[in-house]
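Read the structure below first, then the notes.
The values are calculated or read from the model by the stated rules, or taken from the named source; none is laboratory data. Just so we're clear, the structure is a prediction, and the values are computed from it rather than from any experiment. Methodologically, a virtual Cβ is constructed for each residue, glycine included, from the backbone with ideal geometry; neighbour enumeration extends over all protein chains shown. With ligands, DNA and RNA removed, areas are computed over all heavy atoms of the protein, side chains included. Shrake-Rupley method; radii C 1.70, N 1.55, O 1.52, S 1.80 Å.
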Amino acid sequence: MKKLSIAMLSMLLAGSMLLTGCGGGNDAQTTTDDQSDSTASETNTDYKLAVDGTLTMATNAFFEPYEYYEGEEIVGIDAEVGKAIADKLGLNFAISDMEFDSIITAVSSGKADMGMAGMTVTPDREKNVDFSRTYATGVQSIIVPEGSDITSPDDLAGKKIGVQQGTTGDLYCTDDFGEEAMSRYSKGTDAIMALTQGKIDCVVIDNAPAQKYVEANEGLKILDTAYAEEDYAIAFAKDNTALKDAVDAALGELIEDGTVQSIIDKYITAD
Ligand code: GLN
């Protein structure tokens, strides 16, 4: 699977260059008169929100441990970090659950204020949205049934590969193995169900949810891969730089004071 690794690596490198490129800039279009050294609560509040006074996060809440339902409530790393950002900005917080594939459109059309869904920064997505600084990382993992003849990424050729529609796992595998290899599901859980029913041969999905799926479903295991790390960040409409800057300032404070790490540690236990 050298091809996949190299393709991914170059996308990631391009992505991080673009991220750096748009990270520290000052925007001519904002009419802020604030002083340089601002904190989250002091940043320019001249941003647009879908609902006044509320920060609305678009997500797909079937991606444990980043976002998932506990009863009626959506919990997880993104849900908690998103709420902490809203608190810092003095805003109410709302989550809008939708298909992963719809998040970028919801954000760029202003129906939601930010997309937070364990979303990987990719050059293609950066054409449609701007990303915050990175707050977590992931790696694509391969889940197979115990005893599968797939023992390394090279064995994926000719197999039925299950993915969550529109995710990086979908994009990379489609590139490398072609349309006919792909079975796409709107939720990761549906892909896992198809795998346990023998309808597909493997599922390619981010490592943290992969771990949760394998814990919850007997008879599945994760293959070690040498995939490059992906950066997770928050997506914003391209014309809402003021909001991106305010969230970046809040997120920066939450990263620096250890809040983000303690939220991650609550949901992902290192072993
Ligand atoms: N990190 C992957 C991506 O951005 C998967 C995200 C998800 O399924 N929520 O495509």
Determine whether region 133-154 contains at least one residue that is under 19 Å from the mean Cα position of the chain (by Cα) and on the phi > 0 side of the Ramachandran plot.
-> no
Could you count how many residues in region 223-268 are under 30 Å from Gly147 (Cα atoms), open to solvent by 10 Å² or more (accessible area, probe 1.4 Å) and either in contact (Cβ under 8 Å) with a residue 40 or more places away in the chain or touching an Asp or Glu at 6+ places or on another chain (Cβ under 9 Å) (or both)?
-> 8
If we scan region 28-43, do we find a residue that is open to solvent by less than 30 Å² (accessible area, probe 1.4 Å) and either over 20 Å from Gly252 (Cα atoms) or modelled with pLDDT under 95 (or both)?
-> yes
Filter region 89-108 for residues that are away from the ligand (no atom under 12 Å from the Cβ) and assigned to a strand (DSSP E or B) and give the result.
-> Asn92, Phe93, Ala94, Ile95, Ser96
Provide a single number: the residues in region 155-165 that are surrounded by fewer than 24 Cβ atoms within 10 Å (Cβ to Cβ) and under 15 Å from the mean Cα position of the chain (by Cα).
-> 1
Taking region 124-164 on its own, how many of its residues are more than 18 Å from Lys244 (Cβ to Cβ), assigned to a loop (DSSP other than H, G, I, E, B) and not acidic (Asp, Glu)?
-> 10
Would you mind telling me which numbered condition in (1) surrounded by fewer than 21 Cβ atoms within 10 Å (Cβ to Cβ); (2) away from the ligand (no atom under 16 Å from the Cβ); (3) farther than 29 Å from Asn92 by Cα Lys111 fails?
-> (3)
Of all the residues that make up region 166-204, how many are more than 18 Å from the chain's Cα centre (by Cα), charged (D, E, K, R) and within 13 Å of the ligand (Cβ to nearest atom)?
-> 1
